[in-house]
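First the structure, in the form of C-alpha cells, and then the observations on it.
The values are calculated or read from the model by the stated rules, or taken from the named source; none is laboratory data. Given the structure is predicted, the values throughout are model-derived calculations rather than measurements. Every residue, glycine as well, gets a Cβ built from its backbone with ideal geometry; the counts of neighbours run over all protein chains shown.
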Amino acid sequence: MRHRVVALVSPGQELYPVTCASAVFGNHGPDIPRRYSFRLCAERPGPLPTTLGAALEVTDGLETLAKADTILLADWRPHPSPEVLEAVGAAHARGARLITVWAGVFVPAALGLLDGRRAAVHWELAEELARRFPRVRPDASVLYIDQGDVVTAGASATVIDLCLHLVRADHGAALALRIGRQIAAAPHREGRQRQYPRLPTSGPAADPLAPLLDWITEHLARPLTVAEMADRMGLSERTLSRRFTDRLGVSPGRWLLDRRIAHARALLEETDLPIETIALRTGLASATNLRRRFRTATGTTPSAYRHAHRGLPTPAPPHLSPP
C-alpha cells in the first residue's frame with residue numbers, strides 16, 4: 001500500500017509548498033517506483049482562492065485526514081479552527097506524521113505536540129510562537145527539524161529539501177536521489193543548514209554558493225580540498241569557510257562529507273558494486289576509510305546497511321576458531 005500524503009489547504013493558500021510536496025510525493029512515471037499517493041483536502045471543500053489568483057478546486061473534506069499517513073500543514077494563518085485541531089489531533093493520535101510549513105506550526109503547537117521540543121519556524125513567526133506557546137522552543141536559524149512524528153519547516157523554499165529528506169528516511173537514499181534528479185532539485189540541504197537571514201531588499205536572494213555546490217556534487221569522485229573549492233570561487237579558504245558557516249551552518253569539509261555519504265548510501269542500495277569501488281566513486285579513497293566514515297555517520301557498516309535496505313539476510317560474523 002502506498003504511503004498516503006494529504007495536504008490540508010485553506011482559503012488564500014500559497015501554492016508553492018503544496019506543489020513542491022506534490023512534485024516529490026506524486027507520480028514520477030514507470031521508471032521510478034511509486035511509494036506515495038498525494039491528495040488535497042480542506043475544512044470546507046469547494047473552490048478555494050489562492051495567492052496565485054486562480055481558484056483551487058478541492059473535493060475532499062477533513063474526513064480525508066482519518067486515512068492519511070502524512071499530513072502537510074502549510075497554512076499562512078496562525079489561528080487554526082477547533083475543527084482542524086480536532087481532525088489533525090485524531091490523525092496524529094492514530095499515527096499520522098505531521099509536516100508543518102510557515103504558520104502550519106501553530107497546529108501541532110496548539111495540540112501540545114511540540115511542548116518541550118524544538119520547532120523550526122520562519123523568523124517572522126518565531127516571536128509570536130514563543131509568546132503564545134512558551135513550552136515550545138522555536139528555532140528560526142535552521143531549515144527544518146525532524147522529530148519523527150512532527151516535522152517542522154520555516155519557509156516554503158525548504159519543502160523540496162524536507163520532502164526528499166523524508167523519502168530518504170522512509171525508503172532510502174537511492175529513491176530520494178532518483179526523485180531529486182528527475183525534478184532537477186538542487187543538491188540536498190540538511191535540516192541543520194541555515195535559513196537565509198533577513199535582507200534589506202524584498203524578494204528571494206540568489207545563493208552565491210549554488211554553482212560551487214553543484215560542481216562539488218558532480219565531482220564527488222575527485223579528492224577535493226577546501227583550497228580547491230576556495231580557488232574556484234576566487235576566495236581565501238577562511239572566507240569560503242565563513243560563507244559556508246553563515247549560509248549553511250556547516251563547514252565546507254562537513255558539507256562535502258555529507259554528500260559523499262549520501263552517494264555511498266545510494267550505491268549500496270541500488271548496486272552490487274564492491275565496497276572498494278564505492279569508496280573510489282564517492283571520493284572516500286579506500287574501503288577502510290569508507291567503513292570508518294560510514295559508521296560514524298549512520299551507526300552501521302556499509303555491508304550491514306546494504307543488507308538491511310535490500311531485504312537480504314544479514315551475513316553471519318566470521319567463525320573464529322580457538323587458538
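I'm checking my understanding of the structure. Among residues of segment 30-60 that are over 19 Å from A173 (Cα atoms) and of a type in the set (D, E), which one is surrounded by the most Cβ atoms within 10 Å (Cβ to Cβ)? Here the answer is E43.
When residues of segment 284-311 are filtered for being buried (at least 20 other Cβ atoms within 10 Å of the Cβ) and in contact with a Lys or Arg (Cβ under 9 Å, 6 or more places away or on another chain), how many remain?
5
When you look at A126, is it buried (at least 23 other Cβ atoms within 10 Å of the Cβ) and of a type outside the set (K, R), yes or no? No; evaluated as a whole, the condition is false for this residue.
Yes/no matrix, rows are residues, columns are (1) within 27 Å of I32 (Cβ to Cβ); (2) assigned to a helix (DSSP H, G or I):
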{"position": "L220", "(1), (2)": "yes, no"}
{"position": "P223", "(1), (2)": "no, no"}
{"position": "A227", "(1), (2)": "no, yes"}
{"position": "A230", "(1), (2)": "no, yes"}
{"position": "T239", "(1), (2)": "no, yes"}
{"position": "F244", "(1), (2)": "no, yes"}
{"position": "D258", "(1), (2)": "yes, yes"}
{"position": "I261", "(1), (2)": "yes, yes"}
{"position": "E276", "(1), (2)": "no, yes"}
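Checked across segment 254-269, the condition of being more than 24 Å from V167 (Cα to Cα) and either free of Cβ contacts under 8 Å to residues at least 12 places away in the same chain or assigned by TED's automatic domain parsing to the domain that holds T298 (or both) holds for no residue.
Within segment 64-83, the residues that satisfy the criterion of being crowded, with 20+ Cβ neighbours inside 10 Å and touching a residue at least 40 places away in the same chain (Cβ under 8 Å) are T64, L65, A68, T70, I71, L72, L73, A74, D75.
Condition check ((1) closer than 21 Å to A157 by Cα; (2) in the same structural domain as A153 (by TED's automatic domain parsing); (3) aliphatic (A, V, I, L, M); (4) part of a helix (DSSP H, G or I)) across all residues:
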position: P33; (1), (2), (3), (4): no, yes, no, no
position: C41; (1), (2), (3), (4): no, yes, no, no
position: D60; (1), (2), (3), (4): no, yes, no, no
position: L65; (1), (2), (3), (4): no, yes, yes, yes
position: G104; (1), (2), (3), (4): yes, yes, no, yes
position: E124; (1), (2), (3), (4): yes, yes, no, no
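Residues that are under 26 Å from E270 (Cα atoms), among the hydrophobic types (A, V, I, L, M, F, W, C) and buried (at least 20 other Cβ atoms within 10 Å of the Cβ) occur in segment 10-20; there is at least one. If only residues of segment 67-88 that are within 25 Å of the chain's Cα centre (by Cα) and assigned to a loop (DSSP other than H, G, I, E, B) are counted, the one that is farthest from S10 (Cα to Cα) is D69.
Please work out if A297 is within 25 Å of the chain's Cα centre (by Cα) and in the same structural domain as H309 (by TED's automatic domain parsing). When the stated conditions are applied, A297 passes them.
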